[in-house]
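The values are calculated or read from the model by the stated rules, or taken from the named source; none is laboratory data. In this text, all values refer to a predicted model and were calculated from it rather than measured experimentally. Note that we place each Cβ from the backbone using ideal geometry, even for glycine, and neighbour counts take in every protein chain shown. SASA here: full protein model, heavy atoms, side chains in, ligands and nucleic acids out. Shrake-Rupley method; radii C 1.70, N 1.55, O 1.52, S 1.80 Å.
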Amino acid sequence: MRYAKRFGLVYFLLAVVVGVAAGTTINLVGGGGRSRSPWSQWKPSAPAELRPKEIANRVATAYRLRNGRRLVDVVTGDPFQSVITEVATPAIGAGFGRETPVYDPSRMRMFVLCGQGKNCSVPGTPSVERTLLLHREAVELALYTFKYVDTDGVVEFLPGTASTRPNLAFFFRRSEVRPFLSHPLRSTLPQALRSRSAERVDRLALTHMYRFELQQAQAGGGLLLLDRG
């Protein structure tokens, strides 16, 4: 497989889980009544169980570096559901405890955003524009998934750096993005990266950013801990 070495890190995430296993919505859309325009010009045509992969490929293909290569590849699939048995979001500084919200990963879709560099990093010099583009891609991926896939949540693991393994992820819940599913996608995602609308999209992404850690769940299996601290 062409991406075998690079995607080894993707499966490193899963291997770690296997080892331990032996929100506020930002208003991006304007006022007024519901538009009669289609929500998106493109929509998946695959059977329901294959739509996440079709969406992942479609979104990944649309975001490219100046050299024409994809910004990141997007990987998804059943292995996540087989090794991650719980997803938890402790309050800032609280750590995991009895009051920590715990979610069922079988009702979620998980994606890995993997660049072509070491640790899934994006090659080249980091820039504000590239970060904005990555965050825009993550938001688009989440919205397409919620629109066309029966899921309550979307987790997206973000690229690491050349010297640091991935440790950040976005976690979106359907209830938090529902307003954006009633208006055309183009009204949410602006083409220009330097605009007020683009800044709002970036804030939406950052509002849902977490540090992630993979631990052993109390009942066995893998616990994905998403912490803002």
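Is there a residue in region 107-129 that is among the small types (Gly, Ala, Ser), over 21 Å from Pro190 (Cα atoms) and open to solvent by 70 Å² or more (accessible area, probe 1.4 Å)?
Among the residues of region 107-129, not one is among the small types (Gly, Ala, Ser), over 21 Å from Pro190 (Cα atoms) and open to solvent by 70 Å² or more (accessible area, probe 1.4 Å), which makes the answer no.
Residues in region 120-152 that are more than 15 Å from the chain's Cα centre (by Cα), part of a loop (DSSP other than H, G, I, E, B) and within 26 Å of Pro38 (Cβ to Cβ): Asp150 only. Scan region 153-188 residue by residue and report those that are farther than 20 Å from Tyr103 by Cβ, open to solvent by less than 50 Å² (accessible area, probe 1.4 Å) and β-branched (Val, Ile, Thr). Once the filter is applied, which keeps residues that are farther than 20 Å from Tyr103 by Cβ, open to solvent by less than 50 Å² (accessible area, probe 1.4 Å) and β-branched (Val, Ile, Thr), region 153-188 yields only Thr188. Looking only at residues in region 82-105 that are in contact with a strand residue (DSSP E or B) (Cβ under 9 Å, 6 or more places away or on another chain) and in a helix (DSSP H, G or I), the one that is farthest from Ala60 (Cα to Cα) is Val83. Within region 209-225, the set of residues being small (Gly, Ala, Ser) and closer than 21 Å to Val112 by Cα comprises Gly221, Gly222. Of all residues assigned to region 193-203, none qualifies as being touching a Pro at 6+ places or on another chain (Cβ under 9 Å) and not in a helix (DSSP H, G or I).
In region 210-228, the qualifying residues are those that are within 9 Å of Ile84 (Cα to Cα) and at pLDDT 85 or above, and the one that is surrounded by the most Cβ atoms within 10 Å (Cβ to Cβ) is Leu224. Among the residues of region 84-105, just one is touching a Pro at 6+ places or on another chain (Cβ under 9 Å), surrounded by fewer than 12 Cβ atoms within 10 Å (Cβ to Cβ) and within 20 Å of Phe172 (Cβ to Cβ), namely Pro101. Take the conditions (1) farther than 14 Å from Leu143 by Cα; (2) in contact with a helix residue (DSSP H, G or I) (Cβ under 8 Å, 6 or more places away or on another chain); (3) open to solvent by 50 Å² or more (accessible area, probe 1.4 Å); Ala198 misses just one of them, which is (3).
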